[in-house]
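These notes are about the structure you will find just below.
Every number in this text was worked out from the coordinates using simple rules, so none of it is lab data. On a predicted model such as this, the values are computed, not experimentally measured, just so you know. Neighbour counts run over all protein chains shown; Cβ positions are idealised from the backbone, glycine included.
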Amino acid sequence: MKKLVGISTFTLQSLYGDFKALEIAKAIGADAVDFSLDTYSVLNKNSIYSKSEEEIVAHFTAVKKKADELGLIISQTHGRLRIYFADPAKDDAVFKDARIDCMVTKILGAPYTVMHAIATSITGPDAESGFMHDLCFDTFNKIISYAKEYDVKIAMETMGDAPVYGCCDFFGHLTEFKKAYDRICAFEDNADYFFCCIDTGHINKAMRFDNNPTPGDFIRQMGSAVKCLHLNDNNTLTDQHKPPKTGVIDWDDVLSALDEVGYNGVYNLELNLQHFGKGFEIETAEFSIKLLKYMLNK
């Protein structure tokens with residue numbers, strides 16, 4: 001079966017808007033896209049998320065129509081980048097935004113919306129284990145209720161380090177991530193709605209701490225739970241989101257691991273398209289798509 005290659009459209013959306021971003025993705029050879037929703041919020045009066053539900057539905061129905069006309073798959077969306085802020089107003093908005101994320105994901109025809117776990121950069125490095133796990137469980141359990149309402153699935157993204165504290169993110173540890181994942185899946189019928197998004201760059205950064213595994217071995221540990229990908233490279237020190245083979249990740253091992261766990265989804269790139277400079281975003285995306293297709297075919 002042909003392996004499809006996708007690209008996260010965050011930068012393209014910010015530069016060119018939702019519709020032009022899809023046109024560019026198709027023109028440069030993407031089979032699919034990870035469509036960004038995280039920048040939308042009910043807290044921003046200029047955001048589509050602050051409009052009426054009818055306006056939201058109309059906008060994203062038009063986005064879906066555009067993708068269909070182009071023959072472009074929206075394989076996943078990127079929902080909340082932060083699901084906890086330790087700020088009551090922002091935390092209340094997270095749930096409002098997450099519900100809309102699920103609704104829009106359904107409209108766009110994507111089976112998954114990707115969301116980050118609780119971040120150490122918000123809680124601080126000394127937060128107790130029980131607090132972190134309870135907060136992660138309670139927060140995702142509420143978000144999953146929206147996924148059930150709209151019949152879509154949540155993919156919890158793997159975490160990396162917390163640079164502001166110079167430590168591994170709490171859920172950057174495989175053991176803590178998997179413990180949280182298993183607990184959430186064990187509750188009621190959550191296992192039908194909750195999966196994993198592998199961010200290779202995040203995992204590669206977490207490797208610096210406490211014998212955390214390589215991206216390939218992390219994939220093997222999560223197994224069939226892996227349903228979404230954010231493929232990118234780095235030097236282990238910063239979240240560079242570089243194209244594959246421009247950092248230190250063992251890509252042969254990553255691709256082998258995905259084969260071993262039976263991954264059959266889109267091979268989605270999540271890149272800093274301005275890594276080589278502003279004005280070179282489209283060329284960076286096009287080269288990266290060609291590179292990944294070459295890697296997969298080889």
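Numbers below:
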{"read-out": "Pair list, Cβ under 6 Å, 6 or more apart: region 279-298 residue free of Cβ contacts under 8 Å to residues at least 40 places away in the same chain, other residue assigned to a helix (DSSP H, G or I)", "value": "none"}
{"read-out": "Residue match in region 258-271 (condition: among the aromatic types (Phe, Trp, Tyr), closer than 30 Å to GLY166 by Cα and touching a helix residue (DSSP H, G or I) at 6+ places or on another chain (Cβ under 8 Å))", "value": "no"}
{"read-out": "Filter result for TYR49 (among the aromatic types (Phe, Trp, Tyr), surrounded by fewer than 24 Cβ atoms within 10 Å (Cβ to Cβ), part of a loop (DSSP other than H, G, I, E, B) and at negative phi)", "value": "no"}
{"read-out": "Failed condition for GLY166, given (1) more than 18 Å from the chain's Cα centre (by Cα); (2) on the phi < 0 side of the Ramachandran plot", "value": "(2)"}
{"read-out": "Hits in region 197-217 - residues which are among the hydrophobic types (A, V, I, L, M, F, W, C) and either surrounded by fewer than 24 Cβ atoms within 10 Å (Cβ to Cβ) or assigned to a loop (DSSP other than H, G, I, E, B) (or both)", "value": "MET207, PHE209"}
{"read-out": "Hits in region 204-224 - residues which are of a type in the set (A, V, I, L, M) and closer than 14 Å to ASP161 by Cβ", "value": "ALA206, MET207"}
{"read-out": "Test: residue in region 151-171 that is in a loop (DSSP other than H, G, I, E, B), acidic (Asp, Glu) and crowded, with 24+ Cβ neighbours inside 10 Å", "value": "yes"}
{"read-out": "Subset of region 230-278 (residues that are outside any loop (DSSP other than H, G, I, E, B) and charged (D, E, K, R))", "value": "ASP233, LYS242, ASP252, ASP253, ASP259, GLU260"}
{"read-out": "Test result for LYS26, assigned to a loop (DSSP other than H, G, I, E, B), at negative phi and not aromatic (Phe, Trp, Tyr)", "value": "no"}
{"read-out": "Unmet criterion (only one of (1) touching a Leu at 6+ places or on another chain (Cβ under 6 Å); (2) at positive phi) for ALA86", "value": "(1)"}
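One line per residue, one yes/no per condition, for (1) part of a helix (DSSP H, G or I); (2) within 20 Å of ALA147 (Cα to Cα):
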site: LYS64; (1), (2): yes, yes
site: ALA67; (1), (2): yes, no
site: ILE74; (1), (2): no, yes
site: THR77; (1), (2): no, yes
site: ILE83; (1), (2): no, yes
site: LYS90; (1), (2): yes, no
site: PHE95; (1), (2): yes, yes
site: THR105; (1), (2): yes, yes
